[in-house]
Amino acid sequence: MRRTSEDTKAAILAAARERFAADGYEKATIRAIAADVGIDPAMVMRYFGNKEKLFAAAAHFDLHFPDLPSLAPEEVGHAMVRHFLALWETNEALQVLLRTGVTNEAAAERMREIFATQLGPVAARLCPDPSSAPVRAGLAASQILGMALTRYILRLPPVVAMTHDEIVAWLGPTIHRYLID
């Protein structure tokens, strides 16, 4: 059975997500991704142009925020921290994106885009002055990404040893202040 171009593109993206998660950005190759799909590497290049563009396309994440505006204001920061802890622990590809974003501009841009388009609107709905939402979202992201970097990438022992409840207790009030106060 012949694959359509959309089927091939979807298969490439699925293989790329798995390969980037397993090998990391630097070690994953177009050749290996193509082999995983059973196609010539030139097909990957035809659809995506280069490794950076393939990574950017494969690194699509919906952060699936809970309905934070429906919560009592004092619960928002804690709920957001719990939500992100669950995301980081269940989505290895998100960890790869963070790890890669530190050294690769395409990955960094993808991370900026995800947070701007998904966290930005949430911040605008929560904060008292929507014009301050981009700064507030950026500050909240700095805390969330900093925690993820130290806990899941750098694996700093005191941070790794913290329970979810401890992290929520420390970061929840800060996220609340950034988004609501």
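Remarks
- If you go through the stretch 14-47 and keep only what is crowded, with 19+ Cβ neighbours inside 10 Å and either of a type in the set (Phe, Trp, Tyr) or within 16 Å of residue 96 (Cβ to Cβ) (or both), you end up with 15, 16, 17, 19, 20, 25, 28, 33.
- Every residue from the stretch 108-122 that is open to solvent by 70 Å² or more (accessible area, probe 1.4 Å), within 13 Å of residue 145 (Cβ to Cβ) and of a type in the set (Val, Ile, Thr): none
- Here 181, 129 are screened, and the one residue that is open to solvent by 50 Å² or more (accessible area, probe 1.4 Å), modelled with pLDDT under 90, farther than 30 Å from residue 27 by Cα and charged (D, E, K, R) is 181.
- When the stretch 62-106 is filtered for residues that are open to solvent by 20 Å² or more (accessible area, probe 1.4 Å) and aromatic (Phe, Trp, Tyr), only 65 remains.
- Residue satisfying all of: in the stretch 151-178; β-branched (Val, Ile, Thr) and at pLDDT 95 or above; most open to solvent (accessible area, probe 1.4 Å) among these: 163
- Spans of helices (runs of 4 or more DSSP H) in the stretch 1-91 with at least 2 residues touching a residue at least 12 places away in the same chain (Cβ under 8 Å) and under 16 Å from the mean Cα position of the chain (by Cα): 5-27, 51-58, 73-90
- Residue-level analysis places residue 128 among those that are in a loop (DSSP other than H, G, I, E, B), out of contact with any Asp or Glu (no Cβ under 7 Å at 6 or more places or on another chain) and at negative phi.
- Residue in the stretch 148-159 that is within 27 Å of residue 100 (Cβ to Cβ), of a type in the set (S, T, N, Q) and touching a Leu at 6+ places or on another chain (Cβ under 6 Å) present: yes
- Matching residues, the stretch 132-147, being of a type in the set (Val, Ile, Thr) and either within 14 Å of the chain's Cα centre (by Cα) or open to solvent by less than 50 Å² (accessible area, probe 1.4 Å) (or both): 144
The values are calculated or read from the model by the stated rules, or taken from the named source; none is laboratory data. The structure displayed is predicted, hence computed values, not measured ones. Note that each Cβ is placed from the backbone with ideal geometry, even for glycine, and that neighbours are counted across all protein chains shown. Surface accessibility is based on the protein's heavy atoms, side chains included, excluding ligands, DNA and RNA. Shrake-Rupley method; radii C 1.70, N 1.55, O 1.52, S 1.80 Å.
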